[in-house]
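**Q** Handing you this structure, nothing more for now.
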Amino acid sequence: MKLYNLKNHNEQLSFIEATKIGLGSQQGLFFPLELPKFNIKTINSLLNLDFISRNYEILSTYIGKEISSSKLANCIEKAFSFPVPVKYVTNNIYCIELFHGPTLAFKDFGGRFLAQILSHVIDENEKITILTATSGDTGAAISHAFHGMKNIRVVVLYPKYNISILQEKLFCTIGDNIETIAVEGDFDICQSLVKMAFNDKDLKKSIFLNSANSINICRLLAQICYYFEAVSYFPEEIRNDVVISVPSGNFGNLTAGLLAKSLGLPIKRFIAATNINDTVPRYLSNGIWKPKKTISTISNAMDISHPNNWSRIEELFCRESWNLTDLAYGSVSDQTTKSSILELAEKGYISEPHSIIAWYLLQKNIKNNEFGCFLGTAHPAKFQDTIEKIIKKQIILPPELLKYISLPILSYDIKPTFKNLCDVLLK
Ligand SMILES: *Cc1c(COP(=O)(O)O)cnc(C)c1O
């Protein structure tokens with residue numbers, strides 16, 4: 001698989017190289033040179049396969065021969081080792097629950113696949129530092145996926161005050177090869193510090209930096225797989241009428257969905273669902289790209305006003321000659337987020353502040369003859385306080401979370417300057 005840098009098309013790398021460095025020169029993201037396609041017959045037979053076998057077909061089609069088939073199969077089996085149920089929610093709307101992995105959010109898919117691939121492709125005597133910014137869930141997924149791996153140091157930046165206590169406990173208590181930095185600032189600031197580090201050639205060389213956020217193409221490829229799982233749930237007669245709604249922040253998830261469509265998966269329409277940080281919905285409505293200051297919301301993992309993956313989405317629409325007007329969109333206030341959580345809880349489905357935004361826009365947008373599926377991106381227990389206040393009922397914590405609650409936070413606290421970040425990195 002060859003990829004090119006969106007900022008410098010002459011910079012072309014293999015899948016392994018792109019996975020290892022994460023981000024190209026001028027902070028450019030990597031994008032596939034070839035967009036593979038399945039015909040309808042192949043799609044239908046893929047949809048009849050089980051999750052693991054199907055994922056192998058999808059990922060090997062993209063990745064090609066760079067990784068031997070037995071190694072790739074092994075990575076896939078280890079990475080996707082948890083259930084992905086599709087549940088009925090309301091009327092003709094379903095939720096694909098992507099939160100049954102070890103850190104209870106969809107970030108486990110990309111994080112675990114990346115960890116497996118990297119552990120197969122780095123040499124015995126190579127040392128790398130994975131530097132990543134998280135708005136909440138990436139940090140946990142990456143930290144758990146890489147914990148204890150030889151020769152890999154993980155450094156995660158997160159916005160100190162915009163993260164739930166449980167989210168923080170889940171990855172800032174691990175230690176060993178996992179270091180965490182609480183930044184006094186929002187996610188966009190964390191992300192810009194990470195980008196500065198990648199731009200610093202000396203630093204990048206001296207500690208061999210790699211990015212594990214949704215900038216890394218390896219994570220996006222892994223996420224293509226569950227869109228196939230979502231569609232496979234629907235009977236063949238209605239598969240052409242499925243609308244998928246994606247709660248979006250950095251827009252990695254939606255990029256993966258669009259790549260699934262580009263492969264030939266029949267998805268009728270996507271909905272780009274954001275909270276009040278609505279750079280993309282405003283852009284889709286008036287054509288003007290104008291990020292505003294990031295506002296904190298209860299769907300904190302989506303508090304992003306400079307969504308990194310947007311350049312990939314534009315590139316894909318251009319390469320496929322699709323029209324951006326085909327993309328449905330909307331943004332949802334905290335107030336509507338809360339009232340919708342209550343409304344769904346009364347109907348018997350407990351959701352959380354991110355996924356519910358996708359549900360809300362989906363039930364508004366969908367037509368009578370269509371079927372809807374929204375991505376359940378995190379487990380409600382991760383937002384226990386917020387949700388209990390809204391639904392006035394107790395939420396049971398899964399055992400995966402319980403054991404972290406009593407552990408101390410091990411993070412460094414820093415003010416958001418590049419020098420402070422370097423001090424930690426070069427320590
Ligand atoms: C990361 C995250 C999102 C946003 O996903 P993107 O790929 O960044 O658009 C949505 N919901 C939850 C729970 C997340 O952790």
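**Q** What is the diffusion coefficient of segment 54-107 in µm²/s, taking the Kirkwood radius over Cα pairs and the Stokes-Einstein relation at 4 °C with a viscosity of 1.567 mPa s?
**A** The Stokes-Einstein estimate is 99 µm²/s.
**Q** How large is the translational diffusion coefficient of segment 346-415 in µm² per second when you combine the Kirkwood radius over alpha carbon pairs with Stokes-Einstein at 10 °C and 1.306 mPa s?
**A** Rounded, D is 107 µm²/s.
**Q** Per residue, how much accessible area does the chain show when a 1.4 Å probe rolls over the protein heavy atoms, in square angstrom?
**A** 39
**Q** Could you compute the FRET efficiency for K290 and T42, with r as their C-beta to C-beta distance and R0 at 45 Å, rounded to 0.05?
**A** Plugging the Cβ-Cβ distance into 1/(1 + (r/R0)^6) gives 0.60.
**Q** Would you calculate, for the chain, the mean residue ellipticity at 222 nm contributed by helices, counting each DSSP H stretch of 4 or more residues as -39,500 (n - 2.57) and dividing by all residues, to the nearest 500?
**A** My calculation for the chain gives -13000 deg cm²/dmol from helical runs alone.
**Q** Counting only Cα, what are the radius of gyration and maximum Cα-Cα distance Dmax of segment 272-427, in Å?
**A** In Å, with Rg to one decimal and Dmax whole: 19.0, 59.
**Q** Further question on the same structure: When only DSSP loop residues count, what trypsin sites (Lys or Arg not before Pro) in segment 65-159 have their Cβ near at most 16 other Cβ atoms within 10 Å?
**A** K127, K150
**Q** Could you give the length gained on full extension between D200 and D176, defined as 0.36 nm per residue of separation minus the Cα-Cα distance, in nm?
**A** Full extension from D200 to D176 adds 6.0 nm.
**Q** Here's another thing I want to ask about it. Of all beta bridges DSSP finds with both residues in the chain, what is the antiparallel percent, to the nearest 5?
**A** Counting DSSP beta bridges with both partners in the chain, the antiparallel share is about 25 percent.
**Q** Still on this structure, I have one more. Percent of accessible area on segment 54-176 owned by carbon and sulfur, 1.4 Å probe?
**A** That share works out to 48 percent.
**Q** Over all directions, what mean area does the Cα convex hull of segment 1-123 project, stated in square nanometres?
**A** 9.8
**Q** Counting only C-alpha contacts under 8 Å and six or more residues apart, can you give the relative contact order of segment 152-276 as a whole percent?
**A** Taking the mean separation of contacting Cα pairs over the length of segment 152-276, I get 19 percent.
**Q** Any idea what the relative contact order of segment 1-159 is, in percent, if you count C-alpha pairs under 8 Å spaced at least 6 apart?
**A** This gives 15 percent for segment 1-159.
**Q** When the chain is fully extended, how far beyond the present Cα-Cα distance does F418 get from S81, taking 0.36 nm per residue of separation?
**A** So the chain would gain 117.5 nm between F418 and S81.
**Q** So what's the chain giving for Rg/Rh, alpha carbon basis, Kirkwood Rh from the mean inverse pair distance?
**A** Rg/Rh: 0.93.
**Q** Just read off the accessible area of K290 with the full protein assembly in place, 1.4 Å probe, to the nearest 10 Å².
**A** 130
**Q** Take every Cα-Cα pair in segment 177-243 and report what % of them are more than 15 Å apart.
**A** Tail fraction, whole percent: 70.
**Q** Where in the chain are the helices, taken as whole DSSP H runs, whose Cα atoms extend 20 angstrom or more along the long axis and whose Kyte-Doolittle mean reaches at least 0.5?
**A** 217-232
**Q** Could you work out the relative contact order of the chain? I mean the mean sequence separation of Cα pairs under 8 Å and 6+ apart, divided by the number of residues, in percent.
**A** Relative CO of the chain lands at 19 percent.
**Q** Filter the trypsin sites (Lys or Arg not before Pro) in segment 377-418 to those in DSSP coil with at most 14 other Cβ atoms within 10 Å of their Cβ, and list the result.
**A** Sites meeting the loop and neighbour criteria: K392, K393.
The values are calculated or read from the model by the stated rules, or taken from the named source; none is laboratory data. Please read all numbers here as calculations on a predicted model, not as lab measurements. Using ideal geometry, Cβ is built from the backbone for each residue, glycine included, and neighbour counts are taken over all protein chains shown. Note: areas computed on protein heavy atoms with side chains; ligands, DNA, RNA excluded. Shrake-Rupley method; radii C 1.70, N 1.55, O 1.52, S 1.80 Å.
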